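Trainee: Have a look at this one.
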């Protein structure tokens, strides 16, 4: 304190300028507008042109789909959302079954992928030794880059055989829960056919989960790696274990990113075509028994029916596609909203 | 040690010359502990986060015990069966036994910590096992096709469904993928990068609108891009199914991806670089061309390569727009053209084992292509904007040495 008292006795270093006389006009702000040269005007024009071009392409896709879809929507009206059959030529079609099927497959995928992606993201940021970290990051990114047809082949030829056993096991022990019920199956009989369990929404969901997991994991890892070091070390300094630190610091900090990443994965799962198409056998009724053979999704419906469709059938397919697009759009914007308003929002650009 | 302490004491007591503030402190506020006794004792850095032999033994013991107990339960006591059930029961038992073993020596929070760590590690192992399984399985099923040189040099035009793998290959699909990707690159790279530059340079309502629409378009399911091109280009405009149509569909998928990631990379360019360039009198286009783009080059390369990796593996839009053919066709404007993912998809749906093997071969080639692209992206990218690699730093140093020599020679010429 003695030091501060001494400084007070010194002369003031800052001098206050003398105020202008009262009758002088008030100073106006300087004009700082930029005069751009020819090169800059060409550059900005070109850049804006490309922006407008991209915008018009994207808007054209959306508008065209909407306009084409209205023809089908007008002829069915509200029943488009409640009908589960798909017979455009007899004017009896709707997305109740396919859209629900898409959502069911996506939910199964997210339910399986979520624990794995959270665990992997936390393992990479918190547990793994430094030398292993970059390798793991690269491998997870690689998983995201593997084409979906490769996952589809893997699911169809390898995973399906393994998962039939899992389906049977779940049906045997949890069959009393309606979702896991399978019509016409007797899991306790060793002679029962395995075919009642194949081509189900569950198997398609597991395969899609493998595609969704890395997408979720990338977002979550990014968020967890931005947990403030001070809070992290504060938890340790208070005697926390590693899990205690994760529970009270990392998870609350990363909540927004975790929700955002999950929904981003959900959006991808909803739009997946080829892997689902390879695995499921299509059916057109509302089916919530995920272990039962047969499932359907909007994108696989389009892939199956586009070639045989008449003009009106194509319009119906576009209406279905538009409904799917609306769902994925809502999911994606909700995801970015969650990420942006969370404390970890700085990572939303990743 | 004592000399150092004396040094510190004097330096705090007398203020350095030139300080305006008069210090009147008489004694140092910080006292260093007297370490004279410890001078001769060798010091070791403490290891935190160390795995002792005891920890390893506990894990291995719990694992063996869990497997043995599960085998006993499954084989002797209950009529449980099936590999998945075995794995689940063994894993739950492992966690329980591990918790008990740790609790012998540790407190409750430590037990929870260890069990949760084991769970996190399990999640990572499951993820890696899945990736490993995918890669190995596809390579293994495709090995017979991949080992034949004709697989890369012939198309399937003269190959019957029952022909052995020595006849025919997927050259047409490889060429198709290359042609489609090249066209898609020609469309997306200039347009995507220019649009990303527009988003970062021309701030304002227009840029925000474009950014929102591009973000929305990343949600577009890929099959809808195909359906759009199928309905407009092929049905309304009456064009054939061709490689060009597929390229446009792929471009619609790739554009938002490239723009989004390039936008992020460009925004990471430090603002002071832009301001320095503007302060030196450079117009905006020169700043972008000579400062912003070179600084973000690695990141931009990565964003393009990631977009390509996505575009190469895209099956659904190609299915709708390119048609399927077994013959070689290098002309993108006429006749159907097939790409690697589409060939894999169509081939594995046939019942013939030879065709399925070819399908796996095509998938393996596609996977290797994507892995190669990805590795290239890793080598180029992975570094934030402005941070140079060793070689780049060396080149930059050489350039500035040359500049210095030029300046000095010019000054000598003047004087």
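Trainee: Run the helix sum for the protein assembly as shown: -39,500 (n - 2.57) per DSSP H stretch of 4+ residues, divided by residue count, reported at 222 nm to the nearest 500 deg cm²/dmol.
Mentor: Counting only the DSSP helices, I get -21000 deg cm²/dmol.
Trainee: GNM on chain A, C-alpha springs below 10 Å: top fluctuator among A:203, A:42, A:118?
Mentor: Among A:203, A:42, A:118, the largest GNM mean-square fluctuation belongs to A:42.
Trainee: Given R₀ = 60 Å, FRET efficiency for residue A:70-residue B:153 by Cβ-Cβ distance, to 0.05?
Mentor: 0.75
Trainee: Still on this structure, I have one more. Send over the semi-axes of the stretch B:303-348's equivalent ellipsoid, whole angstrom and largest first, taken as the square roots of 5 times the C-alpha gyration tensor eigenvalues.
Mentor: Working from the Cα gyration tensor, I get semi-axes of 20, 13, 9 Å.
Trainee: Could you work out the Rg to Rh ratio of the stretch B:53-141, with Rh taken as the Kirkwood radius (inverse of the mean 1/r over all Cα pairs)?
Mentor: 1.06
Trainee: For the pair residue A:247 and residue B:330, how long in nm is the line joining their label points, each one 7 Å along Cα→Cβ?
Mentor: A separation of 6.5 nm, rounded to one decimal place.
Trainee: Mind checking the angle between helix A:311-341 and chain A's longest principal axis? C-alpha axes, 0 to 90 degrees, to the nearest 10.
Mentor: It is inclined by approximately 40 degrees.
Trainee: To test your reading of the geometry: what angle, between 0 and 90 degrees and rounded to tens, separates the Cα axis of helix A:160-174 from the longest principal axis of chain A?
Mentor: 90 degrees
Trainee: Ok, one more. Could you tell me the calculated FRET efficiency between residue B:301 and residue B:399, based on Cβ-Cβ distance and R0 = 22 angstrom, to the nearest 0.05?
Mentor: Rounded to the nearest 0.05, the efficiency is 0.60.
Trainee: Quick one: length gained pulling residue A:42 to residue A:111 fully straight, 0.36 nm per residue minus the C-alpha distance?
Mentor: Gain in length upon complete extension: 19.7 nm.
Trainee: Modelling each spin label as a point 7 Å along the Cα-to-Cβ direction, I'd like the residue A:236/residue A:63 distance in nm, to one decimal.
Mentor: Computed distance between label sites residue A:236 and residue A:63 equals 5.7 nm.
Trainee: Once you place label points 7 Å from the Cα toward the Cβ at residue B:95 and residue B:391, how far apart are they in nm?
Mentor: 4.9 nm
Trainee: Tell me, rounded to the nearest percent, the portion of alpha carbon pairs in the stretch B:183-293 spaced more than 16 Å apart.
Mentor: Cα-Cα pairs in the stretch B:183-293 separated by more than 16 Å: 65 percent.
Trainee: Enter the angle in degrees (range 0 to 90, nearest 10) between the Cα long axis of helix A:38-76 and the first principal axis of the Cα atoms of chain A, meaning the one along which they spread out most.
Mentor: It works out to around 30 degrees.
Trainee: Let me ask something additional. Which of B:272, B:329, B:150 moves most in a GNM of chain B, Cα contacts under 10 Å?
Mentor: B:272
Trainee: Also: So, R0 is 35 Å and r is the distance between the beta-carbons of residue B:54 and residue A:229; what FRET efficiency does that work out to, to 0.05?
Mentor: For residue B:54 and residue A:229, the calculated efficiency is 0.70.
Trainee: What is the extension gain from residue A:285 to residue A:195, computed as 0.36 nm multiplied by their sequence separation minus the C-alpha to C-alpha distance, in nm to one decimal?
Mentor: Additional length available on full extension: 30.5 nm.
Trainee: Distance between the C-alpha centers of the stretch A:117-140 and the stretch A:188-258? Whole Å please.
Mentor: Centre-to-centre distance over Cα atoms comes out at 12 Å.
Every read-out reported here was derived from the displayed coordinates using simple, explicitly stated rules and does not represent laboratory data. Note that this is a predicted model, so its numbers are computed, not measured. Glycine also receives a Cβ, built like all others from the backbone with ideal geometry; neighbour counts cover every protein chain displayed.
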